[in-house]
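Worksheet: the structure to be examined is printed underneath.
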Amino acid sequence: MVITTATATIDLSALVDNFTKIKSLAPESKVLAVLKANAYGHGLERIARSLPQADAFGVARIDEALALRADGIVKPIVLLEGFFEPQNLPVLAVNNLQTIVHNEQQLNAICNAQLDRPLKVWLKIDTGMHRLGIDARDFPRYYQQLSQSKNIQQPIILMSHLGCADDNNNADTDNQVRLFEQTIAGTNNECSLANSAAIINYPESHYQWIRPGLLLYGVSPLPEENETITVNPVMTLQSSVIAIRHISAGETVGYGATWKSDKATKIGVIAIGYGDGYPRHAENGTPILLNGRRVPLVGRVSMDMITVELGINSMDKVGDVATLWGNGLAVEEIARYSTTIPYELLCNITRRVQMTLK
Ligand SMILES: *Cc1c(COP(=O)(O)O)cnc(C)c1O
């Protein structure tokens with residue numbers, strides 16, 4: 001008997017197909033493929049190596065960028081939150097990392113640094129999300145200082161980020177796009193605004209650089225699955241049945257005895273839990289694919305196990321492989337059952353999960 005423990009199978013051909021589909025939505029734009037958080041849980045280096053078509057990679061932390069360089073990746077890499085301390089600047093210069101500038105501290109640090117070579121920077125403007133970015137009214141001052149600094153490789157790239165792009169008819173998004181347009185008016189620089197949701201919903205936000213993350217991994221960023229683009233899941237998460245139990249009507253399953261059967265049935269125990277990144281808050285009824293059908297999660301998710309109801313006449317056996325999400329079962333759906341978003345489920349996969357390639 002071979003038992004497969006929690007395993008995430010990564011389908012790199014789906015990744016490449018998804019890239020091609022995204023590109024067809026914005027054929028005029030270059031693609032900055034977003035690889036932060038271990039490429040949304042898919043394996044940073046592996047995903048980077050599989051996307052030679054990308055024009056640049058985006059990460060959130062300098063360590064992620066350095067891991068890519070250590071792996072031999074020579075493509076442009078952009079730090080999407082910029083650098084966090086002035087001491088990072090020589091590291092950026094030596095490793096040819098591009099940085100976003102979104103605050104005064106970063107502006108001053110760059111302009112005052114002694115660098116062996118100039119840095120490529122992306123100036124981030126806050127157009128209404130109020131997370132990162134300079135105030136739009138300060139744009140001329142930043143633009144002028146960066147354009148004149150000997151430490152900056154010209155021309156700079158201008159960007160902002162949309163807070164509500166998953167809603168395809170949203171006044172806040174329209175206002176953000178309008179403010180971005182007004183702010184950059186009169187410049188001739190390359191621009192970037194669109195994440196995955198905006199790539200689908202707001203073609204006017206494509207500009208010269210799109211920044212897809214979730215969509216690359218074959219997951220829809222829209223609230224309900226939207227038919228306008230079909231991408232294929234890159235990750236399929238699976239594990240095995242390790243026990244089959246018979247229970248009677250009125251018996252309970254799991255910690256807290258939160259689920260009680262109203263009939264005699266069989267329970268399957270699957271070797272995956274929140275210690276692997278399966279969401280602890282998945283509700284009773286969350287679907288799991290087993291032997292070609294959906295079976296419902298019952299009882300609480302444990303650290304290493306979950307329990308599903310198989311039905312009294314089921315034929316499932318120990319060793320059968322169950323799919324938690326991926327091919328045949330969208331992670332978007334599991335996210336809805338767990339009151340979270342697919343982003344969180346994907347990047348919460350833990351080190352204990354085996355990673356294999358399809
Ligand atoms: C994470 C991120 C993206 C990608 O977002 P998705 O919704 O995954 O496409 C794009 N731009 C920035 C600045 C980001 O931080």
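No value in this document is a laboratory result; all are computed from the given coordinates. Not measured: the values here are computed from a predicted model. With ideal geometry, Cβ positions are generated from the backbone for all residues, glycine too; neighbour counts draw on all protein chains shown.
Key figures for this structure:
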read-out	value
Gyration tensor (Cα) of region 12-224, equivalent ellipsoid semi-axes in angstrom	26, 23, 13
Nitroxide proxy distance, nm - points 7 Å out along Cα→Cβ at Cys347 and Gln114	3.7
Backbone N within region 55-85 under 17 Å of label point (7 Å from Gln145 Cα along the Cβ vector)	82-85
222 nm mean residue ellipticity, helices alone, for the chain (DSSP H n ≥ 4; -39,500 (n - 2.57); rounded to 500)	-7500 deg cm²/dmol
Relative exposure of Ser13, Ser205, judged by other C-beta atoms within 10 Å (fewest first)	Ser13, Ser205
Taking the convex hull of Cα positions in region 109-228, its mean projected area over all directions (nm²)	8.4
For region 240-358: relative contact order, % (alpha-carbon pairs under 8 angstrom, 6 or more apart)	27
Solution diffusion estimate, µm²/s, Stokes-Einstein, the chain, Kirkwood Rh from C-alpha pairs, 25 °C, viscosity 0.890 mPa s	111
Overall dimensions of region 235-357 as given by Cα atoms, namely Rg and Dmax in Å	13.6, 43
Lysines whose Cα lies under 23 Å from that of Lys260, excluding same-chain neighbours fewer than 8 positions away	Lys317
Inverse mean reciprocal Cα-Cα distance (Kirkwood Rh) of region 79-151, Å	12.4
Contact order relative to length of the chain, as percent, for alpha carbon pairs under 8 angstrom and 6 or more apart	19
37 °C / 0.692 mPa s Stokes-Einstein diffusion coefficient of region 7-68, Kirkwood radius on C-alpha pairs, µm²/s	270
Charge context of Asp17, other residues only, Cβ under 14 angstrom, K/R +1, D/E -1	+2
As computed over region 1-42, the Cα convex hull volume per residue (Å³)	80
Of all DSSP beta bridges in the chain, antiparallel share, percent nearest 5	50
